[in-house]
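The structure appears right after this line, and notes come after that.
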Amino acid sequence: MDYSTDITKVKELLDKAQDVLIVTHEHPTHDSMGSTLALYLGLAGLGKKVTVACPDPVTVELSSYVGANKVVTELANKNFVISLDYVDGSIEKVSYNIEGNKFHLVIEPRAGFESFSEDKVHFSHSGISADVIIAVDTIHLGGLKKLYEENKELFAGKPIINVDRHPNNAKYGTVNITDGQASSTGELVGHLLSDLGVALTADIATNLLNALYAATNSFQIPTVTAAAFQLAAASLKAGAKRFGLVHAPSEEVPGGESVASSLPPAGVPHVQAIPSSLPSSGQAGQAGQTPPDWLKPKIFKSSNLL
């Protein structure tokens, strides 16, 4: 399947979706977190209700990514819901009291209405809902650990968009946006956002730029691509900010990408990270406006996709 066909399928899935769940692997890295949160901000900007999850908490070194405070570590349906068959105006008052280890919910009917009975009470659980799931930088679903293991029915029943740069990706998605020749998953996410018509805000650009720097060891790894420089240029034009620390690849982590830390190259200044908050609607880049098709000409060819 070529990229143009795959992106058409992605657009169809997202057009129908109101609730989107974005997940990434255990032991999050700069590439996985930056890519995931760039996608989160982009889809939220399109009006989607987006939940972003990782089985492990966001570490301090990753906390500067915009939206890091929105990452959850649980998807389980933990909310216990009590539903009552209801006629408009039939409830006078609702209260509760606790006696010992008993919680009492008291529903007082309004005069002139029928009293409530046990057969009108229903119980259920609620939690994360999703019309589509996007897995980012994740080789196989096992890399999601408890997110997948505790919610297999959710993953089995929803379409999955798999976005990853690892050559050994298991192609588990309904749609697989994968390229083993890409030097970062951030490149794939940047390309995807551009094709979805997402405006490149300074916050999205910041997440992508820092993911790129970390995944490529400041563009020094042998496999760095022209696409990485193209995305970096677009991000800088949109007002992206460097966090100051970069991380070079070393050991491979389960379900994700390799990570190791190092200081910035000599002469690279430390830049204060911007706060982890959602961008305001229509936020423009500080260094200039990027066009709607901010990564054209396209950075991938369909023949390069695995």
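Can you confirm whether Gly186 is crowded, with 24+ Cβ neighbours inside 10 Å, modelled with pLDDT of 95 or more, closer than 23 Å to Gly244 by Cβ and touching a Gly at 6+ places or on another chain (Cβ under 8 Å)?
yes
Write out, first by first residue and then by second, each pair whose Cβ atoms fall under 7 Å of each other, whose residues are 6+ apart or on separate chains, and whose first residue, in the stretch 214-228, is of a type in the set (D, E, K, R) while the second is part of a loop (DSSP other than H, G, I, E, B) and surrounded by fewer than 19 Cβ atoms within 10 Å (Cβ to Cβ).
Correct list of pairs: empty, since none qualify.
Looking at Asn176, Asn207, which one is of a type in the set (S, T, N, Q), at pLDDT 95 or above and over 27 Å from Lys241 (Cα atoms)?
Asn176
Just give me the residues in the stretch 140-154 being more than 19 Å from Pro28 (Cβ to Cβ) and free of Cβ contacts under 8 Å to residues at least 40 places away in the same chain, in sequence order.
Selection gives Lys152, Glu153.
Collect the residues in the stretch 3-25 that are surrounded by 14 or more Cβ atoms within 10 Å (Cβ to Cβ) and β-branched (Val, Ile, Thr), keeping them in residue-number order.
Answer for the stretch 3-25, where residues must be surrounded by 14 or more Cβ atoms within 10 Å (Cβ to Cβ) and β-branched (Val, Ile, Thr): Ile7, Val10, Val20, Ile22, Val23, Thr24.
Pick from the stretch 18-58 the residues that are in a strand (DSSP E or B) and charged (D, E, K, R): which of them is farthest from Asn69 (Cα to Cα)?
Asp19
Can you tell me which residues in the stretch 83-124 are loosely packed, with under 10 Cβ neighbours inside 10 Å, hydrophobic (A, V, I, L, M, F, W, C), at pLDDT below 85 and in a loop (DSSP other than H, G, I, E, B)?
Residues satisfying the conditions do not exist here.
Residue check: is Gln230 farther than 20 Å from Asn169 by Cβ, among the polar types (S, T, N, Q) and not in a helix (DSSP H, G or I)?
no
This table checks each residue for (1) of a type in the set (D, E, K, R); (2) farther than 21 Å from Ile160 by Cβ; (3) under 13 Å from the mean Cα position of the chain (by Cα); (4) assigned by TED's automatic domain parsing to the domain that holds Glu150.
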residue: Tyr40; (1), (2), (3), (4): no, no, yes, yes
residue: Ala44; (1), (2), (3), (4): no, no, yes, yes
residue: Thr51; (1), (2), (3), (4): no, no, yes, yes
residue: Ile91; (1), (2), (3), (4): no, yes, no, no
residue: Asn97; (1), (2), (3), (4): no, yes, no, no
residue: Lys102; (1), (2), (3), (4): yes, yes, no, no
residue: Arg110; (1), (2), (3), (4): yes, yes, no, no
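Identify all residues within the stretch 6-20 that are in contact (Cβ under 8 Å) with a residue 12 or more places away in the chain and under 16 Å from Leu192 (Cα atoms); write none if there are none.
Scanning the stretch 6-20 gives Asp6, Ile7, Lys9, Val10, Lys11, Leu13, Leu14, Val20.
Of a type in the set (Val, Ile, Thr), under 21 Å from Val198 (Cα atoms) and in contact with a strand residue (DSSP E or B) (Cβ under 7 Å, 6 or more places away or on another chain), is that true of Val66?
No, not satisfied.
The values are calculated or read from the model by the stated rules, or taken from the named source; none is laboratory data. Values in this document were obtained by computation on a predicted structure and should not be read as measured data. Backbone-built Cβ (ideal geometry, glycine too); neighbour counts: all protein chains shown.
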